[in-house]
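A.B. asks: Dumping the structure here so I can ask a few things about it.
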Amino acid sequence: MKLNKIASRLRLRELTPGVIRDEEVTGGFASDMLSDVLAHAPAGGVLITVQVHRGVVSVASLAGLQGIIFASARTPEQGVIDHAEAEGICLYSSLADTFEISGQLHEMGLRGETDCRAGTLPGVPGPHSGRRVLSQTILGPERCTASSFG
């Protein structure tokens with residue numbers, strides 16, 4: 001699914017109309033911790049956050065993300081928008097909160113990389129067993145409980 005389709009279906013306000021990304025979005029990630037974004041966000045994906053400072057755009061660029069959705073009606077200052085345009089990062093703002101946006105993206109078929117059924121949490125057998133998960137959002141109706149996070 002492409003960013004313009006996501007933006008249209010979620011009724012996002014486009015903040016960087018001059019930035020055109022035509023690639024398929026590879027996944028989603030929700031976090032306000034930039035170190036978490038650098039360590040775990042999927043390249044080619046989209047970030048959901050309430051952070052609106054310049055560093056978020058820099059981290060998104062370093063992580064290879066296509067776009068950022070600012071939740072809860074957050075909007076960055078013009079300098080941050082200019083920085084995103086220079087970096088080729090699409091910015092959007094949503095009235096919805098992070099949880100609601102994550103759910104909507106999941107309904108649209110977009111997934112995150114961490115999934116308790118796939119063994120990507122500490123103590124769960126699988127390809128990433130033992131990987132530390134800090135504040136990543138697990139999307140979906142799966143029954144991941146607090147005890148699943150070790």
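A.B. asks: Is it true that some residue in the stretch 1-21 is surrounded by fewer than 14 Cβ atoms within 10 Å (Cβ to Cβ), of a type in the set (Ser, Thr, Tyr) and at pLDDT 95 or above?
C.D. replies: There is at least one residue in the stretch 1-21 that is surrounded by fewer than 14 Cβ atoms within 10 Å (Cβ to Cβ), of a type in the set (Ser, Thr, Tyr) and at pLDDT 95 or above.
A.B. asks: While we're here: Residues of the stretch 58-83 being within 12 Å of the chain's Cα centre (by Cα) and of a type in the set (Gly, Ala, Ser), which ones?
C.D. replies: Within the stretch 58-83, 60, 63, 64, 67, 71 qualify.
A.B. asks: Do you know which residues across the stretch 84-101 are assigned to a helix (DSSP H, G or I) and over 11 Å from the mean Cα position of the chain (by Cα)?
C.D. replies: 84, 85, 86, 87, 99, 100
A.B. asks: Turning to a different aspect of this structure: Take the stretch 36-89 and flag every residue that is in contact with a helix residue (DSSP H, G or I) (Cβ under 6 Å, 6 or more places away or on another chain) and of a type in the set (D, E, K, R).
C.D. replies: Residues satisfying the conditions are 54, 87.
A.B. asks: Checking the structure you have, find out if any residue of the stretch 88-108 is among the acidic types (Asp, Glu) and either crowded, with 20+ Cβ neighbours inside 10 Å or touching a Leu at 6+ places or on another chain (Cβ under 8 Å) (or both).
C.D. replies: No, there is no match, as no residue in the stretch 88-108 is among the acidic types (Asp, Glu) and either crowded, with 20+ Cβ neighbours inside 10 Å or touching a Leu at 6+ places or on another chain (Cβ under 8 Å) (or both).
A.B. asks: Moving on. So which of 9, 54 ends up being charged (D, E, K, R), touching a His at 6+ places or on another chain (Cβ under 7 Å) and touching a residue at least 12 places away in the same chain (Cβ under 8 Å)?
C.D. replies: Matching residue, one of 9, 54: 54.
A.B. asks: While we're looking at this one, here's another question. Out of 49, 26, report the one residue that is polar (S, T, N, Q), in contact with a Lys or Arg (Cβ under 9 Å, 6 or more places away or on another chain) and free of Cβ contacts under 8 Å to residues at least 60 places away in the same chain.
C.D. replies: It is 49.
The values are calculated or read from the model by the stated rules, or taken from the named source; none is laboratory data. Small disclaimer: the values here were computed from a predicted structure and weren't measured. Positions of Cβ are backbone-derived with ideal geometry, glycine not excepted, and every protein chain shown enters the neighbour counts.
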